[in-house]
Amino acid sequence: MDGDTKNSTFADKFTNAFPERFFECFIAEQNLVGVAIGAGSRGRTVPFISTFAAFFTRAFDQLRMGAVSQANIVCVGSHCGCSIGEDGPSQMALEDLAMFRSIPGCTVFYPCDAVETERAVELAANLTGIRFIRTSRPNTPVIYGNNEVFTVGKAKVVRKSDNDTVLVIGAGVTVHEALKAADELAASGINVRVMDPFTLKPFDAEAVIANANAVGGRIVTVEDHYPEGGLGEAVASAVSLQRNIIVKKLAVPRIPRSGPSEALMEMFGIDHKAIVAAVKEIGNY
């Protein structure tokens, strides 16, 4: 089910392959979610809703009441964060993680590459309740092999050594920025561990705590989202009862502007340069 964004999200590929299984609900997101909830009732189908992640904010009442009525839908929100670039802030989802994490029973996926996204779709289709898959616009490298196994609520450590001094946790596009930063820092003799959470709800607090303790209790989080309600707050909540872990959060601090993706990520402090600076800063604690 589409909200008149199929040419931008490439949902038109599905439309062309399976026209009998595609429904265009146009620019009426409240209706779009309502139709999906109806289609998914009584287990008759697995409805996937496809639109820009920012536009789901228009349908929060339907999503909230859908959770109350035990709805079974998968929401796929693309074009998240300032990394979408020239489309500008009206199209940038920067509150969506906070919104979906607040829905009781909602599973929140945030994949960083094509393989992880495919696994998220497969897992989401076989779950119940409201599920949200947050997808990014920029081209990103594939870092996982085709046979990589993913589990809901389990994070992946994508870079580590025996002498890491900081745990850097990214999600989506910022996983790749974290890996760039890790390379730059390694060249100057600083090793960091990089984690990809895969799901922000449920969240792998056990892995975060274990890996943070292994690197001396220092965590840097970086996310293409506002500071409130996203990755950084999920991590801070996970370690809130741990006496010897500190967290530095990098997030989009204010309403962005239009511009090239890389320039915006640098301007708003979530690119690899910002991560390098944050690692050096937290290393003093």
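The values are calculated or read from the model by the stated rules, or taken from the named source; none is laboratory data. In this text the structure is predicted, and so the values were computed from the model without any measurement. Positions of Cβ are backbone-derived with ideal geometry, glycine not excepted, and every protein chain shown enters the neighbour counts. Accessible surface is based on the protein model in full, side chains and every heavy atom, while ligands, DNA and RNA are left aside. Shrake-Rupley method; radii C 1.70, N 1.55, O 1.52, S 1.80 Å.
For first residues located in segment 64-84 and free of Cβ contacts under 8 Å to residues at least 60 places away in the same chain, partners that are among the acidic types (Asp, Glu) and lie 6+ apart or on another chain with Cβ distances below 9 Å form the pairs 77/96.
Residues checked against (1) over 16 Å from residue 131 (Cβ atoms); (2) surrounded by 14 or more Cβ atoms within 10 Å (Cβ to Cβ); (3) not aliphatic (A, V, I, L, M):
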| position | (1), (2), (3) |
| --- | --- |
| 26 | yes, no, yes |
| 31 | yes, yes, yes |
| 43 | no, no, yes |
| 86 | yes, no, yes |
| 91 | yes, yes, yes |
| 101 | no, yes, yes |
| 111 | no, yes, yes |
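Is segment 165-184 home to any residue that is open to solvent by 40 Å² or more (accessible area, probe 1.4 Å) and part of a loop (DSSP other than H, G, I, E, B)? Yes, segment 165-184 contains a residue that is open to solvent by 40 Å² or more (accessible area, probe 1.4 Å) and part of a loop (DSSP other than H, G, I, E, B). Restricting 174, 199, 165 to those that are hydroxyl-bearing (Ser, Thr, Tyr), modelled with pLDDT of 95 or more and under 23 Å from residue 48 (Cα atoms) reduces the list to 199. Of all residues in segment 186-195, exactly one satisfies the criterion of being surrounded by 22 or more Cβ atoms within 10 Å (Cβ to Cβ) and touching a residue at least 60 places away in the same chain (Cβ under 8 Å), namely 192. Kindly check whether there is at least one residue in segment 138-160 that is in contact with a Phe, Trp or Tyr (Cβ under 7 Å, 6 or more places away or on another chain), farther than 17 Å from residue 195 by Cα and of a type in the set (Gly, Ala, Ser). No, segment 138-160 contains no residue that is in contact with a Phe, Trp or Tyr (Cβ under 7 Å, 6 or more places away or on another chain), farther than 17 Å from residue 195 by Cα and of a type in the set (Gly, Ala, Ser).
Of all residues in segment 1-36, those satisfying the criterion of being out of contact with any Phe, Trp or Tyr (no Cβ under 7 Å at 6 or more places or on another chain) and either over 17 Å from residue 55 (Cα atoms) or among the basic types (Lys, Arg) (or both) are 6, 12, 13, 16, 17, 18, 19, 20, 21, 23.
For (1) modelled with pLDDT of 95 or more; (2) open to solvent by less than 10 Å² (accessible area, probe 1.4 Å), each residue gets a yes or a no:
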{"position": "11", "(1), (2)": "no, no"}
{"position": "14", "(1), (2)": "no, no"}
{"position": "23", "(1), (2)": "no, no"}
{"position": "48", "(1), (2)": "yes, no"}
{"position": "63", "(1), (2)": "yes, yes"}
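Here residue 119 fulfils each of the conditions (1) of a type outside the set (S, T, N, Q); (2) over 18 Å from residue 225 (Cβ atoms); (3) surrounded by fewer than 16 Cβ atoms within 10 Å (Cβ to Cβ) apart from (3). Screening residue 14 on (1) over 20 Å from the mean Cα position of the chain (by Cα); (2) under 19 Å from residue 130 (Cβ atoms); (3) not small (Gly, Ala, Ser) shows it passes everything except condition (2). Against the list (1) open to solvent by 10 Å² or more (accessible area, probe 1.4 Å); (2) more than 17 Å from residue 33 (Cα to Cα); (3) touching a Ser or Thr at 6+ places or on another chain (Cβ under 6 Å), the condition residue 78 fails is (2). Considering segment 122-150, the residues that are assigned to a helix (DSSP H, G or I) and touching a residue at least 40 places away in the same chain (Cβ under 8 Å) include one that is surrounded by the most Cβ atoms within 10 Å (Cβ to Cβ), namely 124.
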